[in-house]
Amino acid sequence: MIVVFGMTALYIPSVETNVLDISPNHSGLIIGLMSSTSHVCGFIAPAIVGILTRSGNTIYQWRKIFWIAASLQMFGLVCFLIFGTGEVQEWTGDDNLDTELNEGKKNEYRLLSHNSK
């Protein structure tokens with residue numbers, strides 16, 4: 001459990017960075033919706049654990065809880081691997097933004113390659 005929560009330090013920065021990549025104009029709203037959803041899960045999870053451990057506190061019941069949590073995490077991972085992207089989305093609202101970001105990346109690459117010589 002300690003290792004799982006320690007790995008969160010790798011998970012959180014990547015998720016929030018991806019939101020900035022896909023929609024710089026709406027990243028605050030998207031991160032707010034993501035946080036709200038995760039906080040609602042924080043209210044629901046103890047109720048589900050209470051239901052699953054109602055008849056006693058055994059290792060088998062906690063194993064079910066672990067597998068439910070692991071399955072939900074794996075489902076999210078597979079969905080992201082299939083549908084996820086780091087490209088600026090069309091619905092972000094600014095047609096010039098994608099061009100500006102790509103030009104910025106090209107200029108940054110030129111500066112880095114020039115400085116390394």
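The values are calculated or read from the model by the stated rules, or taken from the named source; none is laboratory data. This structure is a prediction, so every number in the text was calculated from the model and none was measured. For neighbour counting, all protein chains shown are included, and Cβ atoms are generated from backbone atoms with ideal geometry for every residue, glycine included. These area figures cover heavy atoms from the full protein model, side chains too; ligands, DNA and RNA do not enter into them. Shrake-Rupley method; radii C 1.70, N 1.55, O 1.52, S 1.80 Å.
Report the calculated FRET efficiency for residue 83 and residue 49 (r = Cβ-Cβ distance, R0 = 41 Å), to the nearest 0.05.
0.85
Over the range 5-86, what percent of the accessible surface lies on carbon and sulfur atoms, probe 1.4 Å?
Within the range 5-86, the accessible surface is 75 percent carbon and sulfur.
Taking a cut-off of 13 Å, what percent of all Cα-Cα pairs in the range 14-54 are separated by more than that?
60 percent
Quick check: residue separation of residue 62 and residue 2 times 0.36 nm, minus the Cα distance between them. What number comes out in nm?
Here the answer is 20.0 nm.
More than 18 angstrom separation, counting every C-alpha pair in the range 44-96; what % is that?
Numbers: 763 of 1378 pairs.
Considering the range 44-96, 55 percent of its Cα-Cα pairs are separated by more than 18 Å.
Taking 0.36 nm per residue of separation and subtracting the Cα-Cα distance, what length does fully extending residue 41 through residue 71 add?
9.3 nm
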